[in-house]
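Where a number appears in this text, it was derived from the coordinates with a stated rule and is not lab data. All values reported here derive from a predicted model rather than from experimental measurement. Because the Cβ atoms are built from the backbone with ideal geometry, glycine has one as well, and the counts that use them run over all protein chains shown.
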Amino acid sequence: MQPAFDPRPWGTLDLSPIYPNHKFEEKIGEAWLTGDACKVANGPFSGQSLSGLSLKYGRELVGDVPADPNRFPLLLKFLFPHEKLSVQVHPDDEAARRAGQPWGKTECWYVAHAKPGAQIGLGLKPGVTRDQFGRAISEKRAEELLNWINVFPGEMIYVAGGTVHTLGPGAIIVETQQQSDTTYRLYDYGRPRELHLKEGLAAIRERVGSGKVVWPAPSNLDGGANRRAPLISTPYFAVDMFELKQSHSFRTDDESGKRSVQILVAVEGCGIVEATGANPVTLARGDAVVVPASVGEFQVRPQWSVEFLKAYVPGGTVPEPETRM
């Protein structure tokens, strides 16, 4: 995929931890990898958008699991906050449908890099109500009512729809989310941007399951040279981390037997993605590779070593993840 670099007032000119060879003249906040408008970088579909390919190929691309066969199900992106993001909320499925949207926006954040002291604001403090938070916004003290927690490299944060949240500076995040860009901005530190108080306050859930995900220790694969860590599994997406030093085979179906499109995002190193009947594709830091569900089986062959996230839509019934603050 071609990364689509999105300017934001809270972004940065320096994306070198992920994109060392790119230079920018305006602050970049996000690098979109699998948005509807994101385009393929190589091969016979070069220059075509994911939305167009999803409409044309349906289940061959997205798999058996996503509810809409003609919509790419997951949006992955890098976030580069250099200043605080606005305090915002995304609707859950129920609130989104009330607003005429097909689904909400539950997401998760993998902390790829973090400086000491990097923080996020996640959810309202215990006992704080929607009305109290609304008054705090008008009194310009909304930040005081958020849970502020330190984040560290390698952590996974679950952000359920309806969770009030913001990112502070000092971290680089890989975000996986439902394919939606519905964001209600509640508070923006005086920046001259539109707020969405009516819709946003209505979408807030006072009690949510958001937090740092508790996941099992990484397991060794292939006799110990490769490692896998199951970072998060939710009804909407699952994300695993792989560290490969030897070639490893993957499938586009899971334990349920159902297939899903697979999205690989490299955070360190370099590898080659290979499948029968297809030209090999390079997967290097900052790259995203989309493997259609119909491929069935594919391999990742590291060039020395490669560390990447693999995101997909799980086929079975999955509860919300176990979390802590």
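Taking 0.36 nm per residue of sequence separation and subtracting the Cα-Cα distance, how much length would be gained by fully extending the chain between E297 and K245, in nm to one decimal?
Length difference between fully extended and current span is 16.8 nm.
Rounded to the nearest 0.05, what FRET efficiency do Q48 and K115 give with R0 = 35 Å and r taken as the Cβ-Cβ distance? Could you check?
About 0.40, to the nearest 0.05.
Taking neighbour counts of Cβ atoms within 10 Å as a proxy for exposure, in what order, fewest first, do S54, S210 appear?
With the fewest neighbours first, S54, S210 line up as S54, S210.
Sort 281-287, 4-10 for me by packing, meaning the mean count of neighbouring Cβ atoms within 10 Å per residue, highest on top.
Highest to lowest by the protection proxy: 281-287, 4-10.
From the phi angles alone, apply the Karplus equation (6.51, -1.76, 1.60; θ = phi - 60°) to the stretch 241-255 and give each ³J(HN,Hα) in whole Hz, x where the residue is Gly or Pro.
These are the phi-based 3J(HN,Hα) values: 9, 10, 10, 10, 10, 9, 4, 9, 9, 10, 10, 8, 9, 10, 4 Hz.
In percent, what relative contact order does the chain have, based on Cα pairs under 8 Å that are 6 or more apart in sequence?
Relative CO of the chain lands at 18 percent.
To the nearest 20 Debye, how big is the dipole of the stretch 163-226 about its Cα centre, given +1 on the beta carbon of each Lys and Arg and -1 on that of each Asp and Glu?
Computed about the Cα centre, the dipole is about 260 debye.
Anything over 28 Å Cα to Cα? Flag those among K27/K105; K27/K140; K23/K105; K115/K310; K39/K105, in the order listed.
Beyond 28 Å: K23/K105.
Collect residues whose amide H, placed 1.01 Å from N in the peptide plane, falls under 5 Å from the amide H of H113; neighbours closer than 5 in sequence don't count.
I172
Taking the highest mean first, how do the peptides 131-143, 107-119 order by number of other beta carbon atoms within 10 angstrom per residue?
Ranked from most to least packed, the peptides come out as 107-119, 131-143.
Taking neighbour Cβ counts within 10 Å as the exposure measure, how do K245, K310 sort from fewest upward?
Fewest-to-most ranking of K245, K310: K245, K310.
How far is the Cα center of the stretch 111-161 from the Cα center of the stretch 289-304, in Å?
So the separation of the two Cα centres works out to 36 Å.
5 Å is the cut-off here: which amide hydrogens, built 1.01 Å from N in the peptide plane, fall below it relative to L221, excluding neighbours closer than 5 in sequence?
For L221, whose amide H was placed from the backbone, the distant partners under 5 Å are N226, R227, R228.
Convert each backbone phi in the stretch 70-84 into a coupling constant with the Karplus relation 6.51 cos²θ - 1.76 cosθ + 1.60 (shift: θ = phi - 60°), then list the ³J(HN,Hα) values in order as whole Hz, x for Gly and Pro.
In residue order, the calculated couplings are 10, 10, 5, x, 10, 10, 10, 7, 8, 10, 10, x, 9, 10, 5 Hz.
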